[in-house]
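*Asks:* Can you keep this structure in mind? I'll have questions shortly.
The values are calculated or read from the model by the stated rules, or taken from the named source; none is laboratory data. Keep in mind the model is a prediction, meaning the values are calculated, not measured. Positions of Cβ are backbone-derived with ideal geometry, glycine not excepted, and every protein chain shown enters the neighbour counts.
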Ligand code: 5GP
């Protein structure tokens, strides 16, 4: 990986300078972390699976008109993306009570919410990504009113689409976290402006996905809660999406993929 300049290293991904201005290469690591990186592990094949799953989801969302940073997958672990200025917020959308919402509001996990609920958290690892109100976002200038409105509208559209997409493969979308970035665009009159686009990744690392029939968890909660078979669950998601030909026997995912451009 020394051939490119590293721009940033996060917990699960590395960003390298891209081949052209305005592009980056996003590399998916096998590292898994939880509870603000207090719990760590290397899960063989996780990065490959998340690269594939995120590619699939970003392409589908692009097809329904959601602007995303995804340009193309480069290889098993890397994708070419548009360089954006990340808005320092995690946008969480929930359909069913789980995780921190269940805990914070004293709800039983699995309780269906009356409607989709969108929350914002400040991206600050040192503070444990605290929940913030729109009032904080505006007062502290983390995003403009227009950007917040766009993020909420896009998040609800993404939720509608993904709920249907996962329902089609027997999976309930409990909740997910997404991030947005600002892309510089040049207008017809030569002036520049920002467009808010979907960035980061959408994968079992950032979603709660439960089997429709059994409620078996097919996401990162298997790691967070020591349920085991983490990569097997991610492989199951990829297989149901039609990304992998078939599930593997055990451990390392079957990387004989449906597309053949590796
Ligand atoms: P919770 O707030 O219940 O912990 O998480 C809600 C949803 O957002 C879950 O699907 C969880 O995976 C995702 N999420 C929340 N924070 C993070 C984060 O820092 N990283 C990732 N990858 N996902 C997150």
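*Asks:* Say we look at the range 217-230 and pick out the residues that are part of a loop (DSSP other than H, G, I, E, B) and more than 11 Å from the ligand (Cβ to nearest atom); which of these is nearest to residue 71 (Cα to Cα)?
*Replies:* 218
*Asks:* May I ask you to list the residues in the range 192-216 that are farther than 30 Å from residue 85 by Cα, within 16 Å of the ligand (Cβ to nearest atom) and touching a strand residue (DSSP E or B) at 6+ places or on another chain (Cβ under 6 Å)?
*Replies:* 210 - this is the single residue of the range 192-216 that is farther than 30 Å from residue 85 by Cα, within 16 Å of the ligand (Cβ to nearest atom) and touching a strand residue (DSSP E or B) at 6+ places or on another chain (Cβ under 6 Å).
*Asks:* While we're looking at this one, here's another question. What are the residues in the range 44-65 that are under 14 Å from the mean Cα position of the chain (by Cα), more than 18 Å from residue 11 (Cβ to Cβ) and in contact (Cβ under 8 Å) with a residue 40 or more places away in the chain, if any?
*Replies:* 52, 56, 57, 58, 60, 61
*Asks:* Further, regarding this structure: Kindly list the number of the only condition in (1) at pLDDT 95 or above; (2) more than 27 Å from residue 8 (Cβ to Cβ) that fails for residue 200.
*Replies:* For residue 200, the failing item is (2).
*Asks:* Looking for something out of contact with any strand residue (DSSP E or B) (no Cβ under 8 Å at 6 or more places or on another chain) and either within 15 Å of the ligand (Cβ to nearest atom) or part of a helix (DSSP H, G or I) (or both) - is there at least one such residue anywhere in the range 10-31?
*Replies:* yes
*Asks:* Cβ contacts < 7 Å: first residue on the phi > 0 side of the Ramachandran plot and at pLDDT 95 or above, restricted to the range 169-184; second residue part of a loop (DSSP other than H, G, I, E, B) and away from the ligand (no atom under 16 Å from the Cβ), any location; separation 6+ or different chain. Result?
*Replies:* 170/212; 170/213
*Asks:* For residue 179, only one of the following conditions fails: (1) under 18 Å from the mean Cα position of the chain (by Cα); (2) surrounded by fewer than 19 Cβ atoms within 10 Å (Cβ to Cβ). What is its number?
*Replies:* It fails just one condition, (2).
*Asks:* Let me confirm something: among 51, 36, which residue is closer than 18 Å to residue 202 by Cβ and either in a helix (DSSP H, G or I) or within 16 Å of the ligand (Cβ to nearest atom) (or both)?
*Replies:* Testing whether each residue is closer than 18 Å to residue 202 by Cβ and either in a helix (DSSP H, G or I) or within 16 Å of the ligand (Cβ to nearest atom) (or both) leaves just 51.
*Asks:* Pick from 35, 28: which is in contact (Cβ under 8 Å) with a residue 24 or more places away in the chain and surrounded by fewer than 18 Cβ atoms within 10 Å (Cβ to Cβ)?
*Replies:* Going through 35, 28 in turn, the sole match is 35.
*Asks:* Pull up the range 114-143, narrow it to residues that are more than 14 Å from the ligand (Cβ to nearest atom) and in contact with a strand residue (DSSP E or B) (Cβ under 9 Å, 6 or more places away or on another chain), then point me to the one that is farthest from residue 177 (Cα to Cα).
*Replies:* 140
*Asks:* Residues that are away from the ligand (no atom under 16 Å from the Cβ) and in contact (Cβ under 8 Å) with a residue 60 or more places away in the chain: does the range 91-113 have at least one?
*Replies:* Looking through the range 91-113, none of the residues is away from the ligand (no atom under 16 Å from the Cβ) and in contact (Cβ under 8 Å) with a residue 60 or more places away in the chain.
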